[in-house]
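Reviewing the structure listed below.
What follows draws every value from the coordinates through simple rules; no lab data is involved. None of the values given here were measured: they were computed from a predicted structure. Here the Cβ positions follow ideal geometry from the backbone for every residue, glycine too, while neighbour counts run over all protein chains shown.
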Protein chains: 2
Amino acid sequence: MADLQHDYPWTKYPLVACGPMRLIALSKIAVEVSKAGGLGFIGVGSDASIMEAELDKAKQQASQTATLQDQNEILPVGVGFLLWAGDKLLEEALPLLEKYKPAAVWLFAPTEPGQLVRWTESTRRVTGGKTMIWVQISTVADALEVTRTCQPDVLVVQGADAGGHGLEKCAGLIPLLPEVDDAVSALCKEQHDLPKPQLVAAGGIMDGRGAAAALTLGASGITMGTRYLASPEANIAKGYRDAVLKASDGGVTTERGKLYDTLRGTTDWPLRYGGRGVLNESHRDAAQGMSLEENKRLYEAAVKKGDEGWGESARLTTYAGSGVGLVREVKSAADITEEVREDAKQILSSIASRL
Amino acid sequence: MADLQHDYPWTKYPLVACGPMRLIALSKIAVEVSKAGGLGFIGVGSDASIMEAELDKAKQQASQTATLQDQNEILPVGVGFLLWAGDKLLEEALPLLEKYKPAAVWLFAPTEPGQLVRWTESTRRVTGGKTMIWVQISTVADALEVTRTCQPDVLVVQGADAGGHGLEKCAGLIPLLPEVDDAVSALCKEQHDLPKPQLVAAGGIMDGRGAAAALTLGASGITMGTRYLASPEANIAKGYRDAVLKASDGGVTTERGKLYDTLRGTTDWPLRYGGRGVLNESHRDAAQGMSLEENKRLYEAAVKKGDEGWGESARLTTYAGSGVGLVREVKSAADITEEVREDAKQILSSIASRL
């Protein structure tokens with residue numbers, strides 16, 4: 001329980017983090033989440049071009065916040081990377097990691113496992129071990145391999161309900177998290193020099209109920225993406241945000257797949273990943289056999305419409321998790337962070353008091 | 001919290017039920033689960049031919065157990081039906097429901113919503129309301145429709161991780177259960193004469209951790225299938241049980257689909273349902289383009305092998321949830337019931353005490 005608060009001393013238990021949604025989670029939301037006693041991530045993604053400017057803004061903002069000052073030379077936000085981008089991204093990122101020492105890097109979607117080792121080792125080297133290593137996985141096999149090869153500080157265990165990109169094939173958190181916990185605990189017990197990583201739960205958590213559930217399943221903290229889309233600090237179009245607020249029954253109305261990567265030309269993702277988003281006209285046309293060329297043409301025309309391009313009967317990508325129906329109003333990222341943390345505690349206390 | 005214990009007075013909080021796995025959960029396991037303070041179901045499925053004999057055995061066994069006697073003329077086990085079987089099943093079941101008055105009927109997979117209403121109304125009529133109505137759903141839309149049309153006593157909310165049959169497309173419990181809870185609560189508040197059903201969670205729960213999670217998400221009880229496969233009282237072949245014990249990382253090694261229904265000739269399921277099971281040679285051959293005819297021929301040959309017909313490199317159906325990796329040893333159904341209930345409480349108390 002206390003370990004995440006030891007590593008990120010401005011945070012409160014249970015840790016609530018905002019995931020590094022690529023180009024959606026920038027310094028603004030990241031700092032607000034950290035200000036509220038959580039941990040915000042900047043979603044650098046596959047291209048380091050925005051990284052220095054965003055880290056710099058985060059540093060400025062953090063320096064003006066009493067609770068975020070003097071964090072032992074650590075910048076109190078994290079940075080997320082998509083490892084399939086290749087070694088160029090690593091080379092560009094390293095000097096900035098050295099300069100800013102973010103609290104954590106969140107490593108996701110390597111093309112091959114060696115990439116994770118290179119990122120982990122070089123990040124630890126250039127930051128003197130000050131930047132914690134978070135690695136996102138969605139299977140027991142990956143959890144074991146990553147623990148063995150990288151000794152990460154945190155495993156982000158992402159279940160099937162997550163929005164945006166994740167493994168095409170994986171379990172939901174209720175079975176996944178305990179099985180990962182047991183397998184990793186057994187491995188670390190067997191190999192005495194292997195420290196057990198903390199588990200942070202991702203995928204389908206939308207409020208204090210999901211956060212409380214994650215704690216009972218073995219997590220020390222939780223991370224959300226979709227829920228934070230409905231904060232003014234998320235860098236998304238109003239049309240996208242409105243589509244998130246409107247969607248419900250996400251098990252039926254969202255789907256994971258590769259259609260949007262194809263339509264948007266982001267085709268570098270390794271084959272086993274797909275993005276979960278709200279089903280709309282692009283999906284229905286594709287399912288009815290529309291050619292990719294025509295679908296792309298219509299997609300590009302929809303982009304020009306701006307906010308009108310989103311929605312169930314519109315065409316633009318609305319990445320969101322299958323819990324999207326629990327997102328019903330816009331709140332500040334700080335309020336979301338606090339509310340989820342406090343609700344989780346209240347729910348756990350209340351159930352326990354009735355036992 | 002107290003409502004399920006009011007309706008099933010021999011049960012303890014939180015309610016742990018064994019799902020009505022067709023021809024796997026018979027009187028033997030059902031009574032053992034109820035003896036341990038849970039609620040066992042007999043999986044009658046689509047054919048009433050075994051129903052009277054099993055209810056009779058359950059009655060005999062219950063009458064010899066002190067804690068299960070004098071339950072206000074109720075038989076302290078439930079019965080599960082697959083509604084797509086049609087009205088013939090209802091006609092055959094009704095006199096037996098009237099005669100034995102099981103604690104609950106668990107209604108699943110109607111071909112059309114009117115079937116649920118007919119089953120609900122006639123069950124209540126012939127049992128004088130003594131038999132509670134459980135209806136299994138996996139979407140918010142179905143939860144609302146069922147609540148409106150049937151006023152069930154319990155909604156069994158089944159998430160995507162469940163083994164055996166379930167909706168091909170639905171969310172996991174972490175997002176699904178809270179959204180169903182909110183939607184049904186709002187509906188019942190709006191329509192003052194509509195009583196709110198209790199929520200019982202299903203799908204991916206394997207132990208006290210999953211059970212505790214379900215309680216934080218809004219459930220009053222939980223039900224398991226896969227976990228009970230590893231009890232001597234489950235009516236399955238040793239080969240099947242061994243395959244369950246051996247499987248792990250179920251997000252990757254299980255899949256939901258229609259292949260087994262096709263291979264076994266159980267093709268009456270409505271289109272939106274599929275069965276989750278452990279991937280094996282039947283799947284791999286189908287994926288590599290083997291004709292259904294040849295796959296069926298090999299399947300039937302495997303049936304003749306007995307226990308050797310199961311396993312990852314064998315061919316027979318091993319329905320199991322994606323949490324199958326958490327099933328590691330054979331325990332009695334009573335021990336499973338007690339352990340899950342007590343572990344859930346212990347986990348909740350322990351986390352709450354650290355807040």
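Specify the inter-centroid distance of region A:169-219 and region B:207-227, based on alpha-carbon positions, in whole Å.
So the two Cα centres are separated by 16 Å.
Can you pull out the GluC sites (Glu not before Pro) in region A:48-148 whose DSSP state is coil and whose Cβ has at most 12 other Cβ atoms within 10 Å? Let's see the in-between values first.
Numbers: sites: A:Glu52, A:Glu54, A:Glu73, A:Glu91, A:Glu92, A:Glu98, A:Glu121, A:Glu145; in loops: A:Glu73.
Loop-located and lightly packed - A:Glu73.
Of B:Ile336, A:Ile205, A:Thr262, whose Cα points farthest to the positive end of the dipole of the protein assembly as shown (charges on the beta-carbon: +1 Lys, Arg; -1 Asp, Glu; origin at the Cα centre)?
So the residue furthest toward the plus end is B:Ile336.
About its Cα centre, how strong a charge dipole does the protein assembly as shown have in debye, to the nearest 20, once Lys and Arg get +1 and Asp and Glu get -1 at the Cβ?
The calculation lands at about 200 debye.
Can you pull the percent of Cα pairs in region A:171-259 with separation above 22 Å?
In whole percent, the share of Cα-Cα pairs in region A:171-259 beyond 22 Å is 44.
Take chain B, compute every pairwise Cα distance, and split them into 10 Å bins from 0; I just need the percent in each bin.
Calculated P(r), rounded to whole percents: 6, 26, 36, 24, 8, 1.
Tally Lys and Arg at +1 and Asp and Glu at -1 over the other residues with C-beta under 11 Å from the C-beta of A:Ile236: what net charge comes out?
Summing Lys and Arg as +1 and Asp and Glu as -1 gives -1.
Could you tell me whether region A:231-308 comes out rounded, prolate or oblate from its Cα gyration tensor? Rule is a ≥ b ≥ c as square roots of the eigenvalues, rounded for a/c under 1.5, then prolate if a/b exceeds b/c, otherwise oblate.
Judged from the Cα gyration tensor, region A:231-308 comes out rounded (a/c under 1.5).
So how far, in whole Å, is the C-alpha centre of region B:64-95 from the one of region A:293-355?
Here the answer is 42 Å between Cα centres.
Between beta-carbons, use under 15 Å as the cut-off and find the net charge around A:Ala109, counting Lys and Arg +1, Asp and Glu -1.
-1
One-quarter of the Cα convex hull surface for region B:75-196, in nm²?
Seen from a random direction, the Cα hull of region B:75-196 projects 7.5 nm² on average.
From Cα coordinates alone, what are the radius of gyration and Dmax values for region A:143-183 in angstrom?
Taking only Cα atoms of region A:143-183, I get Rg and Dmax of 10.8, 28 Å.
To the nearest 500 deg cm²/dmol, what mean residue ellipticity at 222 nm is calculated for the protein assembly as shown from DSSP H runs of n ≥ 4 alone, each contributing -39,500 (n - 2.57), summed and divided by the residues?
Values: 30 runs with 316 residues, N = 710.
Result for the protein assembly as shown, helices only: -13500 deg cm²/dmol.
What residues from region A:246-264 fall in the zone where the backbone N is under 19 Å from a label point 7 Å along the Cα-to-C-beta line of B:Glu168?
Only A:250-259 pass the distance filter.
Tell me which DSSP H helices of chain A clear both cut-offs, 27 Å or more of axial length from alpha-carbon atoms and a mean Kyte-Doolittle hydropathy of at least -1.0.
The answer, listed by residue number, is A:333-353.
What's the magnitude of the charge dipole for region A:92-242 around its Cα centre, counting Lys and Arg as +1 and Asp and Glu as -1 at the beta-carbon? Answer in Debye, nearest 20.
Dipole of region A:92-242, to the nearest 20 debye: 460 debye.
So what are the protein assembly as shown's ellipsoid semi-axes, whole angstrom, largest first, if each one is the square root of 5 times an eigenvalue of the alpha-carbon gyration tensor?
43, 27, 25
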